[in-house]
1. Can you tell me the Rg and Dmax of the range 1-99, counting just the alpha carbons, in angstroms?
2. How far apart, in nm, are the 7 Å Cα→Cβ label points at Gln199 and Asp67?
3. Between Ile141, Ile194, Asn126, whose Cα lies farthest towards the positive end of the dipole of the range 8-238 when Lys and Arg beta carbons carry +1 and Asp and Glu beta carbons carry -1, centred on the Cα centre?
4. In debye to the nearest 20, how big a dipole does the range 113-176 give about its Cα centre with +1 on each Lys and Arg Cβ and -1 on each Asp and Glu Cβ?
5. Compute the distance in nm between two label points, each set 7 Å from the Cα along the Cα-to-Cβ direction, one at Arg5 and one at Ala232.
6. Once you have the Kirkwood Rh of the chain from its Cα pairs, apply Stokes-Einstein at 10 °C and 1.306 mPa s and quote D in µm²/s.
7. Which of the peptides 22-30, 160-168 is most tightly packed, and how do the rest follow, judged by the mean count of other Cβ atoms within 10 Å per residue?
8. Cβ neighbours within 10 Å, averaged per peptide: list 116-126, 100-110, 69-79 in order, most packed at the top.
Amino acid sequence: MSQERSYRIAPSILSADFARLGEEVRAVIDAGADFIHFDVMDNHYVPNLTFGPMICQAVKPYCKKADGTPVPLDVHLMVEPVDELAASFAKAGADYITFHPEATRHVDRTIQLIRSLGCKPGLVFNPATPLNWLEHTLKQIDIVMLMSVNPGFGGQSFIEGTLSKLGYARSLIDVQLAMGGRPVLLEVDGGVKIDNIRQIAEAGADTFVAGSAIFGKPDYAAVVTQLRAELALAGSAAA
Ligand code: DX5
Ligand code: ZN
């Protein structure tokens with residue numbers, strides 16, 4: 001029997017209108033976003049270049065609901081090396097900071113650095129990156145993110161092999177929780193749409209990055225509502 005799982009939708013601003021970023025963040029939060037996913041690309045670790053800590057700082061004041069409740073900034077670092085930029089984003093207002101373990105020389109030290117700066121650390125796994133890094137890090141992190149596309153661009157198609165990888169990550173997280181360990185979010189990033197989010201949730205994810213599924217559409221609230229409706233159906237198949 002699958003226990004009741006809470007779900008989070010994290011729109012990726014990579015697909016937003018960069019000329020109106022503050023308005024876009026406010027609009028997608030008004031539409032029901034739980035996190036704001038902030039894709040940092042350095043044109044070194046990935047073949048694309050996006051935005052730095054100053055943009056994060058500029059966006060931060062918009063990251064709150066109408067009643068003032070803060071909306072976490074979920075910063076995804078597709079950068080190499082990691083430490084210096086992780087510190088800059090921590091100072092710029094990041095709440096979660098996830099990074100690719102291959103992109104830093106000392107993974108445990110980078111995790112500790114992010115936590116020491118008051119942020120929640122997490123690891124990001126590319127489609128071909130195995131999860132064995134988690135054997136020595138799962139107790140220290142707050143979020144695991146699986147890439148369901150190869151990082152660098154929005155609008156790509158979901159890689160189906162991610163579903164079984166999600167199941168394995170979910171089992172590791174649930175065992176840790178059952179043994180009284182730290183709860184860990186399981187985020188999926190890339191190619192998440194209305195027509196596959198239910199299947200992805202049933203595979204074990206609880207937090208969903210969605211960029212092109214939301215931004216560019218005429219009615220953000222309608223899309224978020226449809227995504228949530230699909231999530232509400234998840235589990236009925238898995239039960
Ligand atoms: C890709 C980014 C993803 C991407 C998701 O490197 O990490 O967050 O923006 O975009 P969609 O949802 O359009 O695949
Ligand atoms: Zn991302």
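Only the coordinates and a few stated rules stand behind these numbers; no lab work does. What you are looking at is a predicted structure, and each value in this text was computed from that prediction instead of being measured. FYI the Cβ positions are ideal-geometry reconstructions off the backbone, even for glycines, and counts take in every protein chain you see.
1. 14.0, 47
2. 3.7
3. Ile141
4. 160
5. 1.9
6. 90
7. Final packing ranking: 22-30, 160-168.
8. 69-79, 116-126, 100-110
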